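Structure first, commentary second.
The values are calculated or read from the model by the stated rules, or taken from the named source; none is laboratory data. Here the structure is a predicted model, which is why all the values come from computation and not from measurement. Note: ideal-geometry Cβ built from the backbone for every residue, glycine included; neighbour counts use all protein chains shown. Calculation scope for accessible area: heavy atoms of the full protein, side chains included, ligands and nucleic acids excluded. Shrake-Rupley method; radii C 1.70, N 1.55, O 1.52, S 1.80 Å.
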Amino acid sequence: MQSDVELAKRVELESLVKKSRVPAQLDYIQSATGLILGLFMWGHMLFVSSILISKDAMYFVTKMMEGEYVLGEAHPEIVTVTAIFIFIVFITHALIAIRKFPGSYKQFRVFREHAVRFKHSDTNLWFIQVITGFTMFFLGSIHLFVIMVNSDNIGPYASADRMVSGWMWPLYLLLLVAVEFHGSIGLYRLCVKWGWFEGKDAKASRKNLKKIKWAITIFFMGLGLATLAAYMKIGYEHKDKAGERYVPTYISAKVAS
Ligand code: HEM
């Protein structure tokens, strides 16, 4: 028979084991939500940059996202639901990350001194994650809300007008810089943390991963800036007719003939 003292000790031990599992579970959720968001952003940037091909290409992508080619007519609610899902993943990721932020100026100074003394580039990357993550929390939330309530107002002219006439371009510019650093550093840190692509020589693979990370940042930053410039050019040219919706050439040509 177990004595009361032994039983109390066992209960205490079990609760300690349970508690010690929580940080690992939170880490796991943070990695999973980060992976979803990182991959989503690659797809998002490729779709949004269709404007670099032509207005018709961006119109096609918009209608594809609204399910028009499968369901026979456009359903912007699909975009709203996707944006709500991404918003939930985004907020979950951010809330779990907050626990690792320096909680006071004193903690921040200790961290900076530590980073300067050790000159370890991964420690600096972590600091960039904190700054860009904090920025994205505000700017990303605004963007997601705007998209959620304007899911029926996306397209070559609608998006370009929002950027120029709706003055969203400064937000997009800051968000783009934050996203491109945060996303590629995040995916790099995921690979290092979980040992993905480690191979036989962990040091060499970490070096390679870092090169790939930089290549990805430069590629998506370049693509994002070119995309932003393209929307802004259309937005300026369309300023006097802001609000007018784009009619694709295959429809306007049919109407004209
Ligand atoms: C389902 C969710 C999302 C949808 C449907 C969506 C859609 C769009 C659309 C249509 C644009 C073009 C501008 C406009 O129409 O206002 C845009 C631009 C942009 N979005 Fe999103 N977005 C989503 C989520 C996100 C998230 C989570 C982020 C980052 C936190 C983000 C970052 C950006 C950036 C930086 C741009 C500017 C891109 C550039 O100019 O190169 N988006 N998004």
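Summary table below
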| read-out | value |
| --- | --- |
| The chain shape via C-alpha gyration tensor axes, a/c threshold 1.5 | prolate |
| Förster-model FRET efficiency, 30 Å R0, A32 and L7, C-beta, rounded to 0.05 | 0.20 |
| Electrostatic dipole magnitude of the chain [Cβ: Lys, Arg +1; Asp, Glu -1; Cα centre; debye, to 20] | 1320 debye |
| Contour minus Cα-Cα distance for F127 and V70 (0.36 nm per residue) | 16.1 nm |
| Net lengthening on full extension, L39/D56 (0.36 nm per residue, minus Cα-Cα) | 3.6 nm |
| Inter-centroid distance (Cα atoms) of the range 45-100 relative to the range 142-192, Å | 11 Å |
| Rounded if a/c under 1.5, otherwise prolate or oblate - the range 19-102, Cα gyration tensor axes | prolate |
| Chain lengthening between F85 and W167 when straightened (0.36 nm per residue, less Cα-Cα) | 26.9 nm |
| Size of charge dipole - the range 122-203 - debye, nearest 20, with Cβ of Lys, Arg +1 and Asp, Glu -1, no other charges | 200 debye |
| Surface per residue (accessible, 1.4 Å probe) for the range 24-248, Å² | 57 Å² |
| Efficiency of FRET from Cβ geometry, T92 and V146, R₀ 22 Å, rounded to 0.05 | 0.60 |
| Percent accessible area from carbon and sulfur atoms, the chain, protein chains only, probe 1.4 Å | 69 percent |
| 3J(HN,Hα) from dihedral phi, the range 149-164, Karplus parametrisation 6.51/-1.76/1.60, rounded to Hz, x for glycine, proline | 8, 10, 4, 8, 10, 10, x, x, 7, 4, 5, 5, 5, 4, 5, 8 |
| For G67, residues with placed amide H under 5 Å, excluding near neighbours | H75 |
| Extreme residue, positive dipole direction of the range 117-237, given options G133, A229, M163 (C-beta unit charges) | G133 |
| Loop GluC sites (Glu not before Pro), the range 52-141 (other Cβ atoms within 10 Å of the site Cβ: 11 or fewer; DSSP) | E73 |
| Estimated FRET transfer efficiency (R21, K239; beta-carbon r; R0 51 Å; 0.05) | 0.35 |
| About the Cα centre, charge dipole magnitude for the range 72-160 (Lys/Arg +1, Asp/Glu -1 at Cβ), debye | 900 debye |
| Computed [θ] at 222 nm, helices only, for the chain once each DSSP H run of length n ≥ 4 contributes -39500 (n - 2.57) | -27500 deg cm²/dmol |
| Residue range of the chain that is longest and free of chymotrypsin sites (Phe, Trp or Tyr not before Pro) which are both DSSP loop and sparsely packed (at most 15 other C-beta within 10 Å) | 1-166 |
